[in-house]
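The structure under discussion appears below in the form of structure tokens.
The values are calculated or read from the model by the stated rules, or taken from the named source; none is laboratory data. Just so you know, these numbers come straight off a predicted model, no measurement behind them. A quick note on method: Cβ atoms are made from the backbone with ideal geometry, for glycine too, and the neighbour counts reach across all protein chains shown.
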Amino acid sequence: MSLTVDRIDIQPTHNYGGFRLRPGRPFPFGATLVPGGVNFSVFSSHAVSCTLVLFDKHAPQPMAEIPFPDEFRIGNVFTMVVFDLDYENIEYGFRMDGPFDPRVGHRFDKTKVLLDPYAKSIGGRDVWGQAPNWDDVYWHRARLVPDDFDWEGDRPLEIPIQDAVIYEMHVRGFTQHPSSGVKYRGTYAGVAAKIPYLKSLGVNVVELMPIFEFDEFENSRIHPDTGEQLLNYWGYSTVGFFAPKAAYAASGKFGMQVDELKTLVKSLHANGIEVILDVVFNHTAEGNEMGPTISFRGIDNRTYYMLTPDGYYFNFSGTGNTLNCNNPIVRNMVLDCLRYWAAEYHIDGFRFDLAAILGRDPWGAPLANPPLLETLAFDPILAKCKLIAEAWDAGGLYQVGSFPAYGRWAEWNGKFRDGIRRFLKGDSGMVGDVSQRIQGSPDLYSGGNRDATASINFITAHDGFTLADMVSYNDKHNEANGEGNRDGSNDNDSWNCGWEGPTDDPEINALRKRQMKNALAMLLVSQGIPMIVMGDEVARTQHGNNNAYCHDTDLSWFDWSLVDQNPDLLGFVSRCIAFRKAHPALRNTTHFRNTDYVGSGYPDISWHGVQAWNADWSAESRFIAFLLCGKHARGGTTPDNYIYVALNMHWDAQTVEIPRLPEGMAWHVFANTGAASPEDAWEPGQEPRLEDQRHIFVGPRSVVIFVGR
Amino acid sequence: MNVTINNIGDVTVTLISGELDGSTAPVAQQEVLAVAREAALIVLDLTAVPYMSSAGLRMLLSTYRQVTNTGGKIVLVGVADEIKDTMEVTGFLKFFTLTDTVDQAVTALKG
């Protein structure tokens, strides 16, 4: 290594109680290892002074408190370098002094030790489920971590969004069940061990439910009847936006969760799988004025939270507080956060929980041009990240189809879920709606610089029934949540196929299985981006609980014995995913024009009924079919086979006239959900030729998919 | 933390005893690299290392890179199971050949 001259700004200049100090630098915010010491930087618009509080790791009381000298302050930023710290063995926090005047929005309390909002690693919940010390003066403790990592050339994969197949996963729930057979159950390393499974299924994006540090003991309570300890299992309640949850790491007890999560991302990338993080900027874990003071409330309550004119907390999230996302300071924190995860963890995209809140101004009013959403859409570091909005909130702002997108944001298409579910259960009047959803919802996403890539199509998500429960229950059964079955959505658009819950009746069970295949087939041949929930591919059940947020039990864990019990369903889904990946005609970016613009003799998409070229759009119609002309795939730029899909959600079978193909081509059957496994779907490229090229008998409640070549 | 260095032929056997953390790892690295010539063959005997922190793991990888950059090789001996598990999940294990004894390590280096 060549010799260099030392920096001229790394020597201590001051002393305080045996600690050597020097003026710090405002950037980066948080705590950063510098030569000889640690640079601390924290800002507050309204605090009058700030003290750094240092603990030996795990110690009950601080070992030192060092006021930030006022002569080091830059603007509203308190900053200093502290030398001679054993950075691996300390925890740090802040005391902020300022006014306590809730009516004006100030809740400073210098008796509290506050967590650094920019903490890169947080201790205090190092091992999942380990009972906390409720008397601890400092619950969630910021720690210092090295930020170096050997990525060995890894970078975000930049898979075009139209080619994505998204798998929504709970990190702990994915492998915590003993049947998972992995060494480090319920952890980032556990996910890595299951990469071969994910590859064989064929998904190329995993969307991780919240992995920012959260408190599983938030709102923990014992169920009065069952005695089960209910926890905050899902984690939609952030304690620290820059720190990965320690208890999701096998090495969390050693504080090595940063390296472990980066290693997971690197392994997923090496196997062609992207990582999207589910991020929760709509509220924090501090709740309202009755909740704990962990960080923001004590650092700068008025800046970070949307407050009513008399200082109470607006509650557009339904959880007690609402983060003030369009305040310029908070907006910068959100930007810093996302840039940090994109740059330092190579994250490929973000799904924003209750994203309509991100478009509200500090007093809750919806903005036409929300600065935060615009900033994120145009940021250079985030430029290739997928941005996905759950385009509603708990305050009634429903923006599916109208989310301020700036040509970049995609949306969870709730109308896809609703439309397909209603069609699936046999509702009347649905064929028109379904024809829009299959096409990537041009009724919602055409014009305004948006296209089919704005539509994240899903039938299930963590909110609501699993796929298996959607076909097994008419009603939710959330008694195990201890809220008298009042929680969870009542609008499930589900149908139990003739019996509520588990049954031995073979016909009902066969119908349920077929309905699951119908749902997944429809999802995977639709334009837009498909998302499934972990376990849907093997019929994971939550026994009718459609809001299992508080269950850290086998109710919500992935039971891997289902892989052996339902190989037929798993095989069907894998082949459908493979079919989608084999056919660019299913993965357009632009919407269909419903015309023949390449001169093939066929429009890019055409609609059919039981009679070819004659779709039945009437209210009582429950059959609709479409034909994709292979020469129009990707706007005519990528030749593909012809694809014909018939959706029969009628309780009767239909004899269907198949549209004719060009001379020299023949129809082959890719899938028929009415056929018994393994003939319900074939390996793409090996589909058998249809004997009768003119007519097909489509069974009741069945989907057939043909490929023409 | 102690570092003892012996030679078996042209193989350098470095015995480390004690914890490898933020304060001891830099010292250990300095001593290991001080005797590493070009294309060195190095055995790091970690049998007597009960614990490695993040800094310790980084020291290992950094030492590995510096030795292999000059055409040398490193083999680790006697890594405790718990440390091996931690190295595996944090991405530090895959770079290394691990053996149980110094003899096996010397054989691995010469092979």
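Can you confirm whether the range B:17-27 contains a residue that is crowded, with 23+ Cβ neighbours inside 10 Å and at pLDDT 95 or above?
Checked the range B:17-27: at least one residue is crowded, with 23+ Cβ neighbours inside 10 Å and at pLDDT 95 or above.
To keep it simple, each residue is scored yes or no on (1) at pLDDT 95 or above; (2) under 21 Å from A:Phe242 (Cα atoms); (3) not hydroxyl-bearing (Ser, Thr, Tyr).
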| residue | (1), (2), (3) |
| --- | --- |
| A:Pro12 | yes, no, yes |
| A:Phe19 | yes, no, yes |
| A:Arg25 | yes, yes, yes |
| A:Phe29 | yes, yes, yes |
| A:Phe43 | yes, yes, yes |
| A:Phe55 | yes, yes, yes |
| A:Phe68 | yes, no, yes |
| A:Thr79 | yes, yes, no |
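Residues to consider are A:Gly464, A:Gly432, A:Gly448, A:Gly426; find the one that is out of contact with any Cys (no Cβ under 8 Å at 6 or more places or on another chain), outside the structural domain of A:Trp651 (by TED's automatic domain parsing) and modelled with pLDDT under 95. Walk me through it before giving the result.
Numbers: A:Gly464 fails: modelled with pLDDT under 95; A:Gly432 fails: modelled with pLDDT under 95; A:Gly426 fails: modelled with pLDDT under 95.
That would be A:Gly448, the only listed residue that is out of contact with any Cys (no Cβ under 8 Å at 6 or more places or on another chain), outside the structural domain of A:Trp651 (by TED's automatic domain parsing) and modelled with pLDDT under 95.
Filter the range A:270-317 for residues that are more than 26 Å from A:Pro244 (Cβ to Cβ) and hydrophobic (A, V, I, L, M, F, W, C) and give the result.
Across the range A:270-317, the qualifying residues are A:Met290, A:Met306, A:Leu307, A:Phe314, A:Phe316.
Here are the criteria: (1) surrounded by fewer than 20 Cβ atoms within 10 Å (Cβ to Cβ); (2) in contact (Cβ under 8 Å) with a residue 40 or more places away in the chain; (3) in a loop (DSSP other than H, G, I, E, B); (4) not β-branched (Val, Ile, Thr). Tell me which single one A:Pro603 does not satisfy.
Evaluating A:Pro603 over (1) surrounded by fewer than 20 Cβ atoms within 10 Å (Cβ to Cβ); (2) in contact (Cβ under 8 Å) with a residue 40 or more places away in the chain; (3) in a loop (DSSP other than H, G, I, E, B); (4) not β-branched (Val, Ile, Thr) leaves (2) as the failure.
For the condition over 22 Å from the mean Cα position of the chain (by Cα) and on the phi > 0 side of the Ramachandran plot, what is the one hit in A:Asn301, A:Asn219? Walk me through how you get there before you give the answer.
Values: A:Asn301 fails: on the phi > 0 side of the Ramachandran plot.
Going through A:Asn301, A:Asn219 in turn, just one is over 22 Å from the mean Cα position of the chain (by Cα) and on the phi > 0 side of the Ramachandran plot: A:Asn219.
Please enumerate the residues belonging to the range A:84-105 that are away from chain B (no Cβ under 14 Å) and either farther than 18 Å from A:Ile122 by Cα or of a type in the set (S, T, N, Q) (or both).
Matches in the range A:84-105: A:Met96, A:Asp97, A:Gly98, A:Pro99, A:Phe100, A:Asp101, A:Pro102, A:Arg103, A:Val104, A:Gly105.
Could you list, in sequence order, all residues of the range A:182-198 that are within 14 Å of chain B (Cβ to nearest Cβ), aromatic (Phe, Trp, Tyr) and in a helix (DSSP H, G or I)?
A:Tyr188
Please go through the range A:150-181 and pick out each residue that is buried (at least 19 other Cβ atoms within 10 Å of the Cβ) and within 14 Å of chain B (Cβ to nearest Cβ).
A:Val171, A:Thr175
Please find, among B:Gly111, B:Gly22, B:Gly91, B:Gly72, the residue that is at positive phi and either more than 14 Å from chain A (Cβ to nearest Cβ) or among the small types (Gly, Ala, Ser) (or both).
The conditions single out B:Gly91.
Collect the residues in the range A:620-662 that are closer than 19 Å to A:Ser702 by Cα and assigned to a loop (DSSP other than H, G, I, E, B), keeping them in residue-number order.
If the condition is that a residue be closer than 19 Å to A:Ser702 by Cα and assigned to a loop (DSSP other than H, G, I, E, B), then A:Glu620, A:Ser621, A:Arg622, A:Met649, A:His650, A:Trp651, A:Asp652, A:Ala653, A:Ile658, A:Pro659 are the ones that fit.
Residues to consider are A:Thr303, A:Thr263; find the one that is touching a helix residue (DSSP H, G or I) at 6+ places or on another chain (Cβ under 8 Å), touching a residue at least 60 places away in the same chain (Cβ under 8 Å) and not assigned by TED's automatic domain parsing to the domain that holds A:Asp353.
One residue alone meets the criteria, A:Thr303.
Looking at A:Ala681, A:Ala671, A:Ala633, can you tell me which residue is in contact (Cβ under 8 Å) with a residue 24 or more places away in the chain and either basic (Lys, Arg) or farther than 17 Å from A:Ala521 by Cβ (or both)?
Of the residues listed, the single one that is in contact (Cβ under 8 Å) with a residue 24 or more places away in the chain and either basic (Lys, Arg) or farther than 17 Å from A:Ala521 by Cβ (or both) is A:Ala633.
Considering each residue of the range B:41-69, count those that are over 10 Å from the mean Cα position of the chain (by Cα), more than 11 Å from chain A (Cβ to nearest Cβ) and among the hydrophobic types (A, V, I, L, M, F, W, C), and give that number.
The total comes to 4.
Just a yes or no: is a residue in the range A:651-667 within 25 Å of A:Gly419 (Cα to Cα), outside the structural domain of A:Asp568 (by TED's automatic domain parsing) and touching a helix residue (DSSP H, G or I) at 6+ places or on another chain (Cβ under 9 Å)?
Within the range A:651-667 (the criterion being within 25 Å of A:Gly419 (Cα to Cα), outside the structural domain of A:Asp568 (by TED's automatic domain parsing) and touching a helix residue (DSSP H, G or I) at 6+ places or on another chain (Cβ under 9 Å)), the answer is no, since none of the residues qualifies.
Would you pick out the residues in the range A:587-600 that are in contact with a helix residue (DSSP H, G or I) (Cβ under 7 Å, 6 or more places away or on another chain) and either in contact (Cβ under 8 Å) with a residue 60 or more places away in the chain or buried (at least 18 other Cβ atoms within 10 Å of the Cβ) (or both)?
Within the range A:587-600, A:Arg587, A:Asn588, A:Thr589, A:Thr590, A:His591, A:Ser600 qualify.
Let me confirm something: among A:Phe108, A:Phe78, A:Phe40, A:Phe27, which residue is without any contact (Cβ under 8 Å) to a residue 24 or more places away in the chain, within 36 Å of the chain's Cα centre (by Cα) and within 22 Å of A:Asn332 (Cβ to Cβ)?
It is A:Phe27.
Among the residues of the range B:25-53, how many are without any contact (Cβ under 8 Å) to a residue 24 or more places away in the chain and closer than 23 Å to A:Gly37 by Cβ?
1
Quick check on my filter: what residues within the range B:94-108 are at the interface with another protein chain (Cβ under 10 Å from one of its Cβ atoms) and either within 13 Å of B:Leu44 (Cβ to Cβ) or over 15 Å from the mean Cα position of the chain (by Cα) (or both)?
Listed by number, the list holds a single entry, B:Phe95.
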